[in-house]
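All remarks here apply to the structure that follows.
The values are calculated or read from the model by the stated rules, or taken from the named source; none is laboratory data. Treat the numbers as computed from the prediction; the structure is a model and nothing was measured. Cβ coordinates were reconstructed from backbone atoms using ideal geometry, including for glycine residues, and neighbour counts include every protein chain displayed.
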């Protein structure tokens, strides 16, 4: 039943990972009971196969699921066809460095009322992790539980906005202009560089912050 529910709800394969060890253990018991009914030669063949297949499967899984492939190698391109996990891990520190460059262009008189608005938890997490080294304020974000942290004690009037297109940001702020670009040293295309690469400098919220914060709330 849990498998059917995960399939119907388009859940990810690893959601049921805690059940796999129990299923494997049960399967091994059945296998050993069946192997005991075979001749010695057939039993040895089954035993060898039982060891060989997991080793081969483990090697293939490791090659695809562990960060072993050099970036942009042929192996890397095979891996990115299977999943995008490693692609999306690239460029976070550079993203924060680019945001910091934009922050230094904000007049000193505005910086006390400047916030960094991130659209997703990856961006917000990177800013939390790397931002202090650049002297950046903690990010704000309307995504998931980040929204519960609020927008700070001071209502921002100037915002560095990442993860939004300019058209989307202008729904919330009267003035928005591109002030930077998200890139990475490897030239790898991922969600940040493909979908919303612009770093925006926005001013003048269109709504009072309590109302605006409600509009910025999202799940993802």
Out of 133, 179, 168, which single residue is farther than 16 Å from residue 212 by Cα, exposed (fewer than 15 other Cβ atoms within 10 Å of the Cβ) and in the same structural domain as residue 201 (by TED's automatic domain parsing)?
-> 133
Are any of the residues in the range 78-92 surrounded by 13 or more Cβ atoms within 10 Å (Cβ to Cβ) and within 30 Å of residue 153 (Cα to Cα)?
-> yes
Going by the structure shown, is residue 97 assigned by TED's automatic domain parsing to the domain that holds residue 189 and in contact (Cβ under 8 Å) with a residue 24 or more places away in the chain?
-> yes
Out of 160, 56, report the one residue that is closer than 24 Å to residue 198 by Cα, at pLDDT 95 or above and either in contact with a helix residue (DSSP H, G or I) (Cβ under 7 Å, 6 or more places away or on another chain) or in a helix (DSSP H, G or I) (or both).
-> 160
Could you tell me whether residue 152 is out of contact with any helix residue (DSSP H, G or I) (no Cβ under 8 Å at 6 or more places or on another chain), touching a residue at least 60 places away in the same chain (Cβ under 8 Å), assigned by TED's automatic domain parsing to the domain that holds residue 93 and more than 13 Å from residue 118 (Cβ to Cβ)?
-> no
Criterion (touching a strand residue (DSSP E or B) at 6+ places or on another chain (Cβ under 8 Å), part of a helix (DSSP H, G or I), touching a residue at least 40 places away in the same chain (Cβ under 8 Å) and crowded, with 18+ Cβ neighbours inside 10 Å) met by exactly one of 110, 123 = 123
Tell me which residues, restricted to the range 130-149, are closer than 15 Å to residue 98 by Cβ, in a helix (DSSP H, G or I) and out of contact with any helix residue (DSSP H, G or I) (no Cβ under 7 Å at 6 or more places or on another chain).
-> 133
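Take the residues of the range 185-220 that are part of a helix (DSSP H, G or I) and in contact with a helix residue (DSSP H, G or I) (Cβ under 8 Å, 6 or more places away or on another chain): which is surrounded by the most Cβ atoms within 10 Å (Cβ to Cβ)?
The selected residue is 192.
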What about residue 178, is it part of a loop (DSSP other than H, G, I, E, B) and more than 23 Å from the chain's Cα centre (by Cα)?
-> no
Kindly indicate which of 45, 53 is farther than 25 Å from residue 82 by Cβ, assigned by TED's automatic domain parsing to the domain that holds residue 83 and either surrounded by fewer than 11 Cβ atoms within 10 Å (Cβ to Cβ) or more than 35 Å from the chain's Cα centre (by Cα) (or both).
-> 45
